[in-house]
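Before any comments, here is the structure.
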Amino acid sequence: MAIVDTRYKLNTGAEIPALGLGTWQSAPGEVEKAVSHAIFVGYRHIDTAACYQNEEEVGKGLREAFASGKVKREDVFVTTKLWCTYHTRVEEALDLSLKKLGLDYIDLYLMHWPLAMNPNGNHPLFPKLPDGSRDLDRSHSHVTTYKSMEKLLATGKVKAIGVSNCSKRYLEELLPQVSVVPAVNQIENHPALPQQEIVDFCKEKGIHVTAYSPLGSTGSPLFTAEPIVEVAKRKGVTPATVLLSWHLARGSSVLAKSVTPSRIEANRNLIQLDESDMALIAKYSDDLASRKAFQRYVYPPFGVDFGFPDKSSS
Ligand code: 1BO
């Protein structure tokens with residue numbers, strides 16, 4: 001089996017393909033083609049979110065692929081996410097996403113961030129208070145929201161539920177209070193933000209990790225970082241291939257975002273990294289951390305301390 005066809009078993013028993021197409025920040029008007037192209041070239045995992053405002057386009061791309069007759073709905077793992085202004089209206093949010101996507105079920109429904117925002121604020125997605133700070137809805141903890149998500153499982157409209165951007169502290173708060181262990185925690189993850197503590201905690205609790213922004217954010221130093229380039233040379237691949245493959249070596253699935261057909265295709269070239277490759281990259285991560293060259297944890301979410309101290313932030 002080619003490494004790109006790797007699948008991980010979730011705690012629901014379902015399988016999640018190791019490589020997914022990410023659509024966050026993909027330009028409108030380009031996502032539909034990106035989704036259909038990705039599926040035509042073998043991707044079986046598509047990630048979107050209500051907040052990305054591209055679910056309709058993603059849906060069109062999916063329908064184009066299904067209409068070809070080569071791929072069926074059940075062949076493609078589709079993830080979407082509950083946005084923060086909908087924490088008090090979980091099923092309504094899901095129904096809106098299903099309608100936009102043109103699907104009758106979602107394979108994985110994630111709480112996008114573990115905090116609720118005012119549903120009646122001055123902006124439908126990012127409401128702010130007059131002083132410019134986030135307009136939060138403190139009547140809803142992430143635990144309350146997740147409990148509403150648990151009820152969705154009985155409707156058949158979601159096959160699995162999970163979380164995103166959850167630190168160890170948020171998960172520690174959640175797990176003892178809920179009946180369904182999240183199937184996935186989707187987090188920003190790359191060698192400059194390894195989030196090892198969260199990855200280890202999720203593994204211990206049977207929560208699969210999916211990485212977003214695996215190449216780092218805009219202006220990321222990762223492509224030219226000496227250890228990444230060194231591993232790429234050793235293996236005869238590009239730095240991007242090394243950065244995507246790093247997640248598979250850690251047992252995580254990875255979302256590769258692109259709307260460019262050639263790049264969508266190139267991102268399938270995942271390879272097996274060995275212990276010495278991983279050790280070289282780990283040394284780079286540790287070195288960045290020791291120089292405090294990056295923020296090791298992206299929490300608390302949006303820089304907001306939502307009711308309890310996030311001890312993992314430092
Ligand atoms: C605000 C979106 C973060 C990535 O899903």
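Just give me a number: lysine pairs in the range 158-290, eight or more positions apart or cross-chain, with C-alpha atoms less than 25 Å apart. Pairs that pass both the separation and distance tests number 13. Ranking Arg134, Arg63 from most to least accessible surface, computed with a 1.4 Å probe over the protein chains only, gives Arg63, Arg134. Extending 7 Å from the Cα toward the beta-carbon at both Arg291 and Glu197 defines two label points whose distance is 2.3 nm.
When the alpha carbon gyration tensor of the range 36-105 is reduced to an equivalent ellipsoid, the three semi-axes, largest first, read 24, 11, 9 Å.
For the range 158-172, no residue has its backbone nitrogen under 11 Å from a point 7 Å from the Cα of Lys147, taken along Cα to Cβ.
Of the listed residues Lys235, Lys9, the order by accessible area with a 1.4 Å probe, largest first, is Lys9, Lys235. Using the 1.4 Å probe convention, the accessible area of the chain works out to 43 Å² per residue with neighbouring protein chains retained.
One decimal place: the segment Glu230-His123 gains 33.9 nm when fully extended, by the rule 0.36 nm per residue minus the C-alpha distance. The mean sequence separation of alpha-carbon pairs under 8 Å and at least six residues apart, normalised by the residue count of the chain, gives a relative contact order of 18 percent. Between Glu204 and Gln177, the contour length at 0.36 nm per residue exceeds the alpha carbon distance by 8.0 nm.
Kirkwood analysis of the chain, using all unique Cα-Cα pairs, places the hydrodynamic radius at 19.9 Å. The share of accessible area on the range 74-145 that comes from carbon and sulfur is 49 percent, using a 1.4 angstrom probe. For the range 1-142, list log₁₀ I(q)/I(0) at each q in 0.10, 0.12 Å⁻¹, using the Debye formula over Cα point scatterers of equal strength and ignoring solvent, two decimals each. Values returned for q = 0.10, 0.12 Å⁻¹ are -0.38, -0.53. Using a Gaussian network model of the chain in which every pair of alpha carbons under 10 angstrom is joined by a spring, one finds that among Gly216, Gly59, Gly156 the greatest mean-square fluctuation is at Gly156. Spin-label model, Gln53 to Arg73: label points 7 Å out along the Cα-to-beta-carbon direction sit 2.8 nm apart. The stretch between Asn11 and Thr260 holds 86.3 nm of extra length on full extension. This uses 0.36 nm per residue minus the Cα-Cα distance.
The values are calculated or read from the model by the stated rules, or taken from the named source; none is laboratory data. Remember, predicted model here, so these are calculated numbers, not experimental data. Heads up, the Cβs are rebuilt from the backbone with ideal geometry, glycines too, and the neighbour counts pull from every protein chain shown. These area figures cover heavy atoms from the full protein model, side chains too; ligands, DNA and RNA do not enter into them. Shrake-Rupley method; radii C 1.70, N 1.55, O 1.52, S 1.80 Å.
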